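Readers should treat all values here as calculations from the given coordinates under stated rules, not as data from a laboratory. Just so it is clear, the structure is predicted and the values come from calculations on it, not from any experiment. Don't worry about glycine lacking a Cβ; one is built from the backbone with ideal geometry, like all the others, and counts go over all protein chains shown.
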Amino acid sequence: MADRVKLLRSRDESEQAGMQRELTRLRAELTGARRRFDQAREPELVEASIFEINALQARCAWLLRQIREAAP
């Protein structure tokens, strides 16, 4: 029983670390999307950048909720 608890705890910590890495990656993507928005001159590219930023922000918000819910 104790081994199973250790295994579950280890898996939870591994999942938590994976979610943290994913959040770091998403934040880097968001920085890049904001740079592309700042440099966009064509209306279509501005609009595409806005959609990309909104999608990344939604993914970050979802992931943050998952991390908080999984926290011990």
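Structural remarks
- Across the stretch 50-55, computed HN-Hα scalar couplings (Karplus, 6.51 cos²θ - 1.76 cosθ + 1.60, θ = phi - 60°) run 4, 4, 4, 4, 4, 5 Hz from first to last residue, x flagging Gly and Pro.
- Estimated distance in nm for a label pair at E22 and R34, the labels positioned 7 Å out from Cα along Cα-to-Cβ: 2.2
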